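Before any comments, here is the structure.
The values are calculated or read from the model by the stated rules, or taken from the named source; none is laboratory data. The model shown is predicted, which means the values in this text are computed figures rather than measured ones. Here the Cβ positions follow ideal geometry from the backbone for every residue, glycine too, while neighbour counts run over all protein chains shown. SASA here: full protein model, heavy atoms, side chains in, ligands and nucleic acids out. Shrake-Rupley method; radii C 1.70, N 1.55, O 1.52, S 1.80 Å.
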Protein chains: 2
Amino acid sequence: MQPLSEQQRAFLQAQRVGRLATADSTGMPHVVPVCYACAADGSAVYIVLDTKPKRVPPHKLKRARNVLQNPQAALVVDHYSEDWDALTFVMLRGPAALLAPEDAEQPQAIALLRARYAQYRAMPIEEQPVIVLRPARVVAWGALPQA
Amino acid sequence: MQPLSEQQRAFLQAQRVGRLATADSTGMPHVVPVCYACAADGSAVYIVLDTKPKRVPPHKLKRARNVLQNPQAALVVDHYSEDWDALTFVMLRGPAALLAPEDAEQPQAIALLRARYAQYRAMPIEEQPVIVLRPARVVAWGALPQA
């Protein structure tokens with residue numbers, strides 16, 4: 001485990017979208033934009049399987065099937081600028097799992113996501129599975145603001 | 001092979017940064033923001049190993065080592081909006097490879113990257129390896145503008 005530092009967590013808090021990479025059992029990568037929230041101690045990042053306009057049930061989403069097949073995942077949160085000296089990213093890698101509504105951590109995750117995104121306050125996500133990614137390795141690159 | 005459609009290619013052209021996911025031989029994902037350029041026929045996307053402020057030689061970058069170990073890769077290019085009805089992404093997956101300066105395709109890739117990014121016109125990237133990702137499967141989601 002390598003929890004996010006205060007500075008890394010502040011950077012994640014300041015951004016609105018990250019990109020979640022998973023891979024299936026054959027090692028084929030998959031990557032999608034995701035909304036996320038961090039645990040206060042930096043030990044976890046949560047992503048709800050909301051599938052905004054829904055086309056498939058949450059547990060059939062490729063990101064969820066990949067996590068069940070291969071529990072390693074990576075999330076990158078970055079800031080792009082045409083001034084390449086200002087480019088910044090934080091990438092975290094580690095084990096991921098699906099939290100069901102019965103898991104004690106799931107309602108906490110939903111609360112954190114709703115605190116960050118007004119959009120989720122209007123969506124019935126209470127019963128949705130949540131991907132939890134526990135950072136085991138964190139790479140920070142570029143011009144991270146000082147905490 | 002599933003080349004990008006004109007509409008998908010236009011969307012990629014309109015964005016400035018994508019996120020490249022690779023995985024090592026154990027299936028551990030890795031994802032970083034990347035600048036990219038598309039071939040005119042939509043059959044390839046190019047990413048130069050410039051490693052903006054350089055810390056390691058290009059071929060030692062994790063993204064390059066992963067491509068050599070496991071040639072499957074995924075790139076997502078997306079548009080985030082607080083209006084979630086306007087969220088859009090294009091994800092392409094397929095085989096990736098490293099192009100050396102000796103490969104006929106490498107100078108074409110450098111020219112396409114320099115046409116898109118003034119920053120690259122000022123950087124000595126002629127001799128840098130280029131990751132080529134050839135889309136075999138493309139997923140487009142959300143509000144893609146009509147071509």
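Quick grid of which residues meet (1) assigned to a helix (DSSP H, G or I); (2) open to solvent by less than 40 Å² (accessible area, probe 1.4 Å):
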residue	(1), (2)
A:Ala10	yes, no
A:Arg16	no, no
A:Ala21	no, yes
A:Gly27	no, yes
A:His30	no, yes
A:Ile47	no, yes
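Check A:Pro29, A:Pro33 and return the single one that is closer than 19 Å to B:Ala143 by Cβ and without any contact (Cβ under 8 Å) to a residue 40 or more places away in the chain.
On the way: A:Pro29 fails: closer than 19 Å to B:Ala143 by Cβ.
Selected residue: A:Pro33, the only one of A:Pro29, A:Pro33 that is closer than 19 Å to B:Ala143 by Cβ and without any contact (Cβ under 8 Å) to a residue 40 or more places away in the chain.
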**OP:** Of the conditions (1) open to solvent by less than 40 Å² (accessible area, probe 1.4 Å); (2) more than 25 Å from A:Val139 (Cβ to Cβ); (3) out of contact with any helix residue (DSSP H, G or I) (no Cβ under 9 Å at 6 or more places or on another chain); (4) within 12 Å of another protein chain (Cβ to nearest Cβ), B:Ser43 clears all except one; give me its number.
**Re:** (4)
Original post:
Somewhere in the range A:132-146, is a residue of a type in the set (S, T, N, Q) and open to solvent by 50 Å² or more (accessible area, probe 1.4 Å)?
Top reply: yes
**OP:** State whether the residues of the range B:4-16 include one that is out of contact with any Leu (no Cβ under 9 Å at 6 or more places or on another chain) and within 18 Å of A:Leu87 (Cα to Cα).
**Re:** yes
Subject >> Which numbered condition B:Arg93 fails, given (1) open to solvent by 30 Å² or more (accessible area, probe 1.4 Å); (2) within 12 Å of the chain's Cα centre (by Cα); (3) over 30 Å from A:Asp85 (Cβ atoms) >> reply: (1)
**OP:** Answer yes if at least one residue in the range B:14-21 is within 24 Å of A:Ala73 (Cβ to Cβ) and touching an Asp or Glu at 6+ places or on another chain (Cβ under 7 Å), and no otherwise.
**Re:** no
Original post:
What number of residues within the range A:103-117 are out of contact with any Cys (no Cβ under 8 Å at 6 or more places or on another chain), open to solvent by less than 60 Å² (accessible area, probe 1.4 Å) and within 30 Å of A:Leu87 (Cβ to Cβ)?
Top reply: 1
Subject >> Residue count, the range A:65-83 (criterion: at the interface with chain B (Cβ under 8 Å from one of its Cβ atoms) and surrounded by fewer than 18 Cβ atoms within 10 Å (Cβ to Cβ)) >> reply: 2
